[in-house]
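No lab work stands behind these numbers, since they all come straight from the coordinates. Bear in mind the structure is a predicted one, so any value in this text is a computation, not a measurement. Glycine gets a Cβ as well: all are built from the backbone with ideal geometry, and neighbour counts include every protein chain shown.
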């Protein structure tokens with residue numbers, strides 16, 4: 001199973017938890033204080049998930065997307081037996097979460113019993129798309145997509161054309177983005193043999209998914225046969241960007257960006273400026289967000305030496321990608337030389353926020369956020385309040401969502417001082433200023449001493465966001 005590096009981080013934290021279960025959370029933000037309004041938070045068990053998860057493992061949620069206030073979708077995976085998994089979706093409609101359901105049609109596809117939905121995107125209330133992978137045999141996986149139309153989820157389908165590409169039998173959707181109902185794009189990777197993989201993109205136009213294609217230009221770039229499209233963002237129908245990484249030689253990974261303009265994908269290029277930055281063996285773009293056609297921001301990491309990484313951002317303005325830059329201020333924070341951008345969100349062209357983590361020494365990690373205002377990236381800061389929360393010295397921002405310029409929310413995870421108990425936190429930016437991170441209100445009681453892991457956030461306004469993740473006792477939604 002090929003999994004995004006950000007997902008691997010979330011899974012690693014989940015493994016540390018005891019009896020980790022899915023968590024979905026809605027939080028009301030208080031603009032006056034840039035903090036969570038705990039009086040408006042009520043945790044509930046996600047309807048239907050307990051009945052679905054009959055297996056010996058815990059379920060997981062990976063993605064949430066909100067089209068409007070009270071109208072969201074989320075997806076993930078649940079267990080049906082020992083090491084057997086199916087994929088689920090769950091909707092919030094009019095502010096109330098419905099029952100989690102097995103994705104229609106996935107059981108028939110998933111003959112190897114290992115399915116997961118990694119990404120969901122909702123263009124309007126009741127109109128969403130999701131994607132992931134399912135198993136057709138031992139270590140043999142295919143990629144799928146599924147659409148929700150008018151509030152009803154259709155049947156999952158194998159992505160058209162992926163089987164012909166996926167001769168090595170290991171394909172996956174890592175990211176889905178919908179610009180409008182029925183007009184989406186997705187990206188991921190497929191195997192060309194047991195030891196090689198290529199990146200693909202696929203478009204949905206007018207409600208119909210087309211054929212997957214290898215990302216144009218990556219075959220030339222990807223001499224080492226290890227490419228993946230990690231993130232896709234569509235600013236409008238048929239105008240999207242995708243990012244990821246490819247391999248040159250036996251071990252060096254470089255970062256790429258590729259644009260779709262007017263429904264046609266152009267050629268992937270190495271992110272300008274990363275060749276000069278990436279003095280080591282690894283560079284990757286992990287997240288991209290497009291505020292309007294041709295105006296996007298992306299972030300990731302590059303290597304400055306063996307196991308030494310710095311975080312970078314890069315902007316596209318008017319359809320042209322500029323030069324990647326080390327995030328201002330990150331070098332001073334990143335004394336342990338292991339920094340990365342996990343998530344980027346742009347509210348408007350040139351007004352974005354990003355988050356991730358940096359190392360304070362070989363065994364410690366802190367969470368950071370950084371803002372772009374008027375096209376200029378400011379200095380990265382440690383997430384306010386996480387130093388006090390992060391008793392185990394392992395903290396990261398895993399997801400950021402901006403409803404409007406200067407009004408964003410981020411979620412992440414920190415550990416206790418033993419390093420074996422994860423705690424989820426949230427932090428809000430109001431009027432361009434980040435408040436103090438807090439543990440999700442009420443989650444400690446629900447977790448009953450177990451771990452909590454935040455994985456994704458989606459904000460539809462400056463006062464309304466949904467957070468999803470795992471917690472240690474049962475499934476919940478706060479609303």
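Key figures for this structure:
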item	result
Fewest-first ranking of 133, 204, using other Cβ atoms within 10 Å as the exposure measure	204, 133
Inter-centroid distance (Cα atoms) of the range 346-395 relative to the range 60-83, Å	26
The range 350-433 shape via C-alpha gyration tensor axes, a/c threshold 1.5	prolate
Residue exposure sequence - 348, 57, 231 - by fewest surrounding Cβ within 10 Å	348, 57, 231
Spatial separation of Cα centroids for the range 171-196 and the range 104-141, in angstrom	11
Calculated [θ] (222 nm, deg cm²/dmol) that DSSP helices of n ≥ 4 give over the chain, each run adding -39,500 (n - 2.57)	-2000 deg cm²/dmol
Alpha-carbon centroid distance for the pair the range 261-331 / the range 419-452, whole angstrom	29
Exposure proxy order (Cβ contacts within 10 Å, fewest to most) of 337, 376	376, 337
